[in-house]
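J.: Structure provided below as structure tokens; questions to follow.
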Amino acid sequence: MKKLISAALIMCLGAAARAASLPDLRSQDEWTGKEKQQFLDFLKSGQPAPSANGGQVKYVAAEKGRAYRVSKAHYASLALETDTLMIDRPTGSTKTETTTLGPKLLVGGHLFSWVRYYTGIKYNHVGQDKLDGTRAHLSHYEVPLGIELALIPLGTPQTRYVLLRGGVSYHNFCGPEKKSDFASPLLGWRAAWNLGLGYEWQIPDSKWRVNALAEGYRSFAGGGHTQFGGLGLTAGLVRTF
């Protein structure tokens, strides 16, 4: 008797499940109470939802001739910088000269999320004593090329970075004077290595960043040229693209 009752209950539940119908899902905003109840009854029935194409998943081939790649951010930085220039004398001593405040333009991009590359140009003036006792005012151009690490300190927001810069630069000192006018001539192009340490923070909800760095450089030895080094401060505004 119990087996007959159980079989009858299973048949009733199966009939109820088959009776549950799924309303039109394309016009849900126009459902009345009847359609809503039908949908609830269908969910309770445990029936699988029908597929629009009979359960078949079509493979869509990639379009030929088109390549997709992830675009990496680029940036441009405009800053002001001043250096203290240290010039090696033939006697072994060092002569210190202060440069004027000048602009520094950098452009670069991201190699990885925290690794950037940069290049650009910097310009200022520096004075140097001549052999005749007068003073020359030389134009100083610098063309840097390097890698910049943007590291997020522990416990700080992800919009603030410690900046580490390293690379090489080419310096050109030029003016109407001749090399023979100086005891330690700077005139001409010279290569140097560069290092920098600073901090950068992003202006909230914008593509603008502000940074400040202490940067230094030192000319490569050799070639019979006057050796020099520099140490300065840079403060600038950065725009990402």
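The values are calculated or read from the model by the stated rules, or taken from the named source; none is laboratory data. The structure displayed is predicted, hence computed values, not measured ones. As a convention, Cβ positions derive from the backbone with ideal geometry for all residues, glycine included, and neighbour counts pool all protein chains shown.
J.: Is it the case, given these coordinates, that residue 221 is out of contact with any Phe, Trp or Tyr (no Cβ under 9 Å at 6 or more places or on another chain), among the hydrophobic types (A, V, I, L, M, F, W, C), over 24 Å from residue 77 (Cα atoms) and surrounded by fewer than 16 Cβ atoms within 10 Å (Cβ to Cβ)?
T.: Details: out of contact with any Phe, Trp or Tyr (no Cβ under 9 Å at 6 or more places or on another chain): yes; among the hydrophobic types (A, V, I, L, M, F, W, C): yes; over 24 Å from residue 77 (Cα atoms): yes; surrounded by fewer than 16 Cβ atoms within 10 Å (Cβ to Cβ): yes.
For residue 221, the condition - out of contact with any Phe, Trp or Tyr (no Cβ under 9 Å at 6 or more places or on another chain), among the hydrophobic types (A, V, I, L, M, F, W, C), over 24 Å from residue 77 (Cα atoms) and surrounded by fewer than 16 Cβ atoms within 10 Å (Cβ to Cβ) - is met.
J.: Can you tell me which of 109, 166, 127, 92 is more than 30 Å from the chain's Cα centre (by Cα), surrounded by fewer than 18 Cβ atoms within 10 Å (Cβ to Cβ) and not in a loop (DSSP other than H, G, I, E, B)?
T.: After ruling out the rest, the residue left standing is 127.
J.: Can you find a residue in region 216-224 that is of a type in the set (S, T, N, Q) and touching a Lys or Arg at 6+ places or on another chain (Cβ under 7 Å)?
T.: Yes; the residues of region 216-224 include at least one that is of a type in the set (S, T, N, Q) and touching a Lys or Arg at 6+ places or on another chain (Cβ under 7 Å).
J.: For residue 55, work out the one condition from (1) within 25 Å of residue 191 (Cβ to Cβ); (2) modelled with pLDDT under 95; (3) not acidic (Asp, Glu) it doesn't fulfil.
T.: (1)
J.: Among the listed residues 133, 166, 196, which satisfies the condition of being at positive phi and in the same structural domain as residue 100 (by TED's automatic domain parsing)?
T.: Sole residue among the options that is at positive phi and in the same structural domain as residue 100 (by TED's automatic domain parsing): 133.
J.: Inside region 169-206, can you point out the residues that are touching a helix residue (DSSP H, G or I) at 6+ places or on another chain (Cβ under 9 Å) and not in a loop (DSSP other than H, G, I, E, B)?
T.: Selection gives 188 alone.
J.: In this structure, does residue 136 turn out to be buried (at least 16 other Cβ atoms within 10 Å of the Cβ), out of contact with any Ser or Thr (no Cβ under 8 Å at 6 or more places or on another chain) and assigned to a strand (DSSP E or B)?
T.: yes
J.: Just to check your reading of the model, which residue among 157, 176 is under 30 Å from residue 223 (Cα atoms) and either in the same structural domain as residue 232 (by TED's automatic domain parsing) or surrounded by fewer than 16 Cβ atoms within 10 Å (Cβ to Cβ) (or both)?
T.: Step by step, each of 157, 176 is checked, and only 176 is under 30 Å from residue 223 (Cα atoms) and either in the same structural domain as residue 232 (by TED's automatic domain parsing) or surrounded by fewer than 16 Cβ atoms within 10 Å (Cβ to Cβ) (or both).
J.: Here's a follow-up. Could you please give the count of residues in region 208-226 that are over 17 Å from residue 94 (Cα atoms) and at pLDDT 95 or above?
T.: So the answer is 8.
J.: Evaluate the following for residue 148: is it part of a strand (DSSP E or B) and within 21 Å of the chain's Cα centre (by Cα)?
T.: Yes, satisfied.
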